[in-house]
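These notes are about the structure you will find just below.
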Amino acid sequence: MPTLDDILEQIGEFHCFQKQALFVLCLLSATFVPIYVGIFFLGFTPEHHCFSPGVSELSQRCGWSLEEQLNHTVPEWGSHGAGCTAPLGSLGGNWSTVPLGSCQDGWVYDSPGTSLVTEFNLVCEDSWKLDLFQSCVNAGFFIGSVSIGYIADRFGRKLCLLITILINAVSGVLMAFAPSYTWTVIFRLIQGLVSKGGWLTGYILIAEFVGSNYRRAACITYQLAFSVGLLVLTGLAYALPHWRWLQLTVTLPNFFLLLYYWCLPESPRWLIAQKQNDKAMEVIKRIAKGNKKKLPLSLQNLRSEDEDGEKLKPSFLDLVRTPQIRKHTFILMYSWFTSSVLYQGLIIHMGIAAGNMYLDFLYSALVEFPAAFILILTLDRVGRRYPWAAANVMAGGACLVTALVPDTLYWLKMTAACLGRMGITMCYEIICLVNPELYPTFLRNLGVLVCSSMCDLGGIITPFLVYRLAELWHELPLVVFAVIVLIDGGLVLLLPEMKGKALPETIEDAENLHR
């Protein structure tokens, strides 16, 4: 009896229908960006100082800038007018003797816009609340990865996708109108619970629509849409410096994604795995019609040998019950963890140094495009494993060079940092491609989301890892990054090569991938 891959060879592995499906799913990929990295704009911390009525009146009369007030240095005192003396100048520059206390009269921020920090005063003793805000997002990713994965494998990709889009859109709008910090965190946590699971479900869906020869191109294009979303977010953040307007603007497009109900069918691979062959054949005929192909009569009887058997239901134990799948699960979990720690850690580490927030974010986004093009040229020629291992080695080597090169060789240091970001971006894109390929259809979504939950665990600990280690030695986080990513470079070579292979449909297929 013909398999789905045999049928796709006849009706089109990547023709009009699949290209249209990829385009509409790329919109989903782009809308995930503000949730994953939006904290860089929603939570930016401008220069600030505690409002003091006496000093502020004197500053206004004398024309002192905020920077001069913050640094307690006002040049050429006489030029400011008579009676303009330095605030706390009697201390003679010995600021350590100044008694510290809470800010009673509010904070003054040197910013033309607003952020979570400026609106809720998340500075000094309350600065930990900004860390909590981002940790809640990653905690939501972590919890949602497991639950959304089970729902998608148990009840279908399409239903799961629509539910996550709706919840994400509603909670995003509510966050834009949240009356307090507490409600803001709650709505952001809800977005975290559903958004990443929805993004990965869309990734799985497009991987199951196309033939094996085009799976790589479709999946990398889906990830490139995320990179395009980074550029769009940078422009929107620059044009809308007020966080509530920015949050509302990036959330509203999610409601249009509910049109997926009419635009996208259910995954035919999932329907076959659930013994719903009649519905699967209806989807196949829809694909053939969209591709302007005619389905041969010999391929219109889609059956499996165990058609009358029990439906396969996903189980967490299936991820570790058999030896090969167990090995795949543990290696992929470590790889997801490593990719997350380096991807987010390199951004945070570069952000320790002061710079233009918009330009820094833009440069970090642009480096992802050459990484994608390199993979497009190599993955189907060389395979998955060796480029993956090479990307890990490049990222690790770049981290070591960045850590050991002196600051006087700034050009070399920045070049190495960009190569490190490119290397770990390649690792991220490869693991997104390989992870679905190593699990059978009925277990695929659960396997991807459980393994990628380690990515969220990495996102939770990375800020603490970078800031605490940097207090000991500014470059120490880079050395730690190099060690863990070089280990990953060796582990990925233990996975089976999936170049040109069909997606496994059963546990037995997945166990035999290494042969």
Task: Calculated FRET value between Arg154 and Thr322, using beta carbons and R₀ = 25 Å, to 0.05 - done: 0.75
Task: Length-normalised contact order for the range 313-514 - Cα pairs under 8 Å, 6+ apart - percent - done: 39
TODO: Using every pair of alpha-carbon atoms in the range 313-514, split the distances into 5 Å bins beginning at 0 and state the percent of pairs per bin, rounded to integers.
DONE: 1, 8, 15, 19, 19, 14, 10, 7, 4, 2, 1, 0
Task: Probe 1.4 Å, accessible area per residue of the range 313-514, Å² - done: 39
TODO: Please give the peptides 319-328, 26-35, 269-278, 485-494 ranked by average Cβ packing (other Cβ atoms within 10 Å per residue), highest first, as a rough proxy for protection.
DONE: 26-35, 269-278, 485-494, 319-328
Task: Length released on extending from Leu174 to Lys289, taking residue separation times 0.36 nm less the Cα-Cα span - done: 37.3 nm
- [ ] Find the centroid of the Cα atoms in the range 489-511 and in the range 117-168, then give the distance between the two in whole Å.
- [x] 30
Open item on the list: Highest mean first, how do 423-434, 257-268 rank when packing is the count of other Cβ atoms within 10 Å averaged over residues?
Closed with: 423-434, 257-268
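Given 0.36 nm per residue, what is the gain on full extension from Glu125 to Asp380 after removing their alpha carbon distance, in nm?
Here the segment from Glu125 to Asp380 would lengthen by 86.5 nm.
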Task: In sequence order, calculated HN-Hα J values of the range 332-343 (Karplus, 6.51, -1.76, 1.60; Hz; x Gly/Pro) - done: 5, 4, 5, 5, 4, 4, 4, 4, 5, 4, 6, 4
Open item on the list: Cα atoms only: what Rg and Dmax, in Å, come out for the range 139-220?
Closed with: 14.7, 51
Open item on the list: Over all directions, the average projected area of the alpha-carbon convex hull for the range 405-484 comes to how many nm²?
Closed with: 6.2
Task: Stokes-Einstein translational diffusion, the range 114-153 - Kirkwood Rh over all Cα pairs, 0.692 mPa s, 37 °C, in µm²/s - done: 279
TODO: On a C-alpha basis, how far is the centre of the range 420-441 from the centre of the range 192-215 in Å? Whole number, if you could?
DONE: 13
- [ ] Please list 370-378, 136-144, 467-475 highest first by mean number of surrounding beta-carbon atoms within 10 Å per residue.
- [x] 136-144, 370-378, 467-475
Task: Listed residue pairs exceeding 19 Å between alpha carbons, taken from Lys158/Lys196; Lys19/Lys499; Lys292/Lys501; Lys19/Lys289 - done: Lys19/Lys499; Lys292/Lys501
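The values are calculated or read from the model by the stated rules, or taken from the named source; none is laboratory data. Computed from a prediction, not measured in an experiment: that's the story for all the values here. Because the Cβ atoms are built from the backbone with ideal geometry, glycine has one as well, and the counts that use them run over all protein chains shown. The accessibility values were calculated without ligands, DNA or RNA, using every heavy atom of the protein model including side chains. Shrake-Rupley method; radii C 1.70, N 1.55, O 1.52, S 1.80 Å.
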